[in-house]
Amino acid sequence: MPAASPLRQRINRWISARTPRVPGPWRIDRRRVYILPTRYGYGYGILLFVMLLGAMNYSNSMAFALTFLLAGMGLLAMHHTHGNLVNISVRARRVSPVFCGETARYTLELENGSATARYALNATWPEQKPHSHIDLLPGASASLELTLATERRGWRPAPRFAVATEFPVGLFRAWTWIELDMAALVYPKPAPHGERPPATSGGNGNIGGSRSGADEFAGLRPYQRGDGMRAIHWKSLAKQRNPMVKQFVETMADELWLDWSVLPTAWGTEQRISQLTRWLLDAETSGRPYALRLPGFTRTPALGEPHRHECLQALALFQNS
């Protein structure tokens with residue numbers, strides 16, 4: 001990407017000084033709306049200038065009247081284009097996490113707090129063409145979406161963007177710069193399938209166990225007050241003085257411990273993070289409880305969306321010092 005010219009750099013610094021990063025909502029003020037002719041507007045102006053020269057050359061009053069009428073319509077269009085943005089409120093919605101390499105989607109909510117409808121509103125990053133437009137009735141709200149490619153894990157803050165319009169006739173473009181405090185969490189990119197988790201023991205690997213249940217017969221035990229009649233082993237009653245009760249155990253699923261310290265030392269930080277992400281996603285898909293241990297971060301075995309998000313966030317923000 002070519003370096004920006006000194007003039008462009010000065011303009012960007014001036015815009016940044018006038019556009020602080022705010023949490024929102026941001027109400028568009030009349031003093032923050034900029035307006036310039038579009039290419040059709042410049043062509044319209046050139047046409048009016050040629051018509052004016054012709055009217056002056058021939059001293060034709062009807063040509064003067066037509067020229068001034070069209071000029072007045074252009075000025076009226078400029079007034080409506082500028083006013084189409086004023087008093088619009090813009091706020092950020094929650095940004096869903098994405099994996100590295102996917103597209104981050106930033107959703108904006110625009111609300112019309114005035115008594116007049118607003119038409120053909122759009123939002124874009126700098127030097128980008130709009131993809132969609134919305135109309136707002138009085139008191140109504142609607143959403144616009146901005147997208148950004150992701151190249152690395154971690155937080156992806158949204159840069160400055162423009163809310164703009166060319167309504168009603170496209171001769172002028174009015175816009176305002178806004179920078180809302182919103183960011184997308186970018187999870188690490190999962191490694192390809194194939195690598196198996198290292199076999200470890202205790203709190204560092206696969207943990208097998210059992211607990212009381214009704215899956216597998218585990219022997220007999222003396223009768224205790226409260227045991228059900230169906231649990232009594234009646235065949236042993238003739239041989240023993242006290243009744244015996246059948247005991248069963250329920251096999252627990254293996255718990256997977258994903259431990260940073262047991263990964264090969266030859267792997268770099270990003271390869272380790274990517275592989276841990278793959279094993280985490282596979283464990284969640286298969287319904288196998290998993291734990292995560294990183295330097296300064298430990299989560300015990302569990303399943304579910306909150307646990308998944310907490311572990312993926314820790315991997316996304318991990319910095320190996």
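Only one of the listed residues (ASN57, ASN87) is in the same structural domain as LEU136 (by TED's automatic domain parsing), surrounded by 14 or more Cβ atoms within 10 Å (Cβ to Cβ), farther than 30 Å from GLU310 by Cα and not β-branched (Val, Ile, Thr). That residue is ASN87.
Of all residues assigned to the stretch 105-119, at least one qualifies as being acidic (Asp, Glu) and under 18 Å from the mean Cα position of the chain (by Cα). Here ARG160 qualifies as in contact with a helix residue (DSSP H, G or I) (Cβ under 8 Å, 6 or more places away or on another chain), assigned by TED's automatic domain parsing to the domain that holds ILE15 and of a type in the set (D, E, K, R). Quick one: is GLU179 touching a Pro at 6+ places or on another chain (Cβ under 9 Å) and either closer than 30 Å to HIS80 by Cα or at pLDDT 95 or above (or both)? When the stated conditions are applied, GLU179 passes them.
Annotation: PRO138 fulfils all but one of (1) more than 17 Å from LEU85 (Cβ to Cβ); (2) over 14 Å from the mean Cα position of the chain (by Cα); (3) loosely packed, with under 12 Cβ neighbours inside 10 Å; (4) not β-branched (Val, Ile, Thr); the unmet one is (1).
Residues checked against (1) modelled with pLDDT of 95 or more; (2) of a type in the set (Phe, Trp, Tyr):
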{"residue": "LEU52", "(1), (2)": "yes, no"}
{"residue": "SER59", "(1), (2)": "no, no"}
{"residue": "HIS82", "(1), (2)": "yes, no"}
{"residue": "PHE99", "(1), (2)": "yes, yes"}
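Of the candidates THR81, THR107, THR116, the single residue that is among the polar types (S, T, N, Q), in a helix (DSSP H, G or I) and at negative phi is THR81.
Restricting the stretch 283-307 to residues that are assigned to a helix (DSSP H, G or I) and touching a strand residue (DSSP E or B) at 6+ places or on another chain (Cβ under 9 Å) leaves a set whose member that is nearest to TRP257 (Cα to Cα) is ALA283.
Residue count for the stretch 291-308, restricted to those that are in contact with a Leu (Cβ under 6 Å, 6 or more places away or on another chain) and either buried (at least 18 other Cβ atoms within 10 Å of the Cβ) or at pLDDT 95 or above (or both): 1. All of ALA164, ALA142 fail the test of being part of a strand (DSSP E or B), within 19 Å of TYR34 (Cβ to Cβ) and either in contact with a strand residue (DSSP E or B) (Cβ under 8 Å, 6 or more places away or on another chain) or not hydrophobic (A, V, I, L, M, F, W, C) (or both), apart from ALA164. Cβ separations smaller than 7 Å between residues 6+ apart or across chains give the following pairs from the stretch 65-77 residues that are in a helix (DSSP H, G or I) to residues that are β-branched (Val, Ile, Thr): ALA77/VAL169. Summed over the stretch 12-57, residues that are within 21 Å of PRO157 (Cβ to Cβ) and of a type in the set (Val, Ile, Thr) total 3. Contact annotation: residue pairs with Cβ atoms under 8 Å, 6 or more positions apart or on different chains, pairing a residue in the stretch 12-25 that is within 10 Å of MET182 (Cβ to Cβ) with a partner that is of a type in the set (D, E, K, R) and not in a helix (DSSP H, G or I), are ARG21/GLU179; ARG21/ASP181; PRO23/ASP181; GLY24/ARG91; GLY24/ASP181.
A quick yes/no check of all residues on (1) out of contact with any Asp or Glu (no Cβ under 7 Å at 6 or more places or on another chain); (2) without any contact (Cβ under 8 Å) to a residue 40 or more places away in the chain:
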| site | (1), (2) |
| --- | --- |
| SER89 | no, no |
| ARG93 | no, no |
| SER96 | yes, no |
| THR103 | yes, no |
| THR107 | no, yes |
| ASN122 | yes, no |
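Scanning the stretch 258-282 for residues that are part of a helix (DSSP H, G or I) and small (Gly, Ala, Ser) yields SER261, SER274.
The values are calculated or read from the model by the stated rules, or taken from the named source; none is laboratory data. Being a predicted model, the structure only gives us computed values, none of them experimental. Virtual Cβ from ideal backbone geometry, glycine too; neighbours counted across all protein chains shown.
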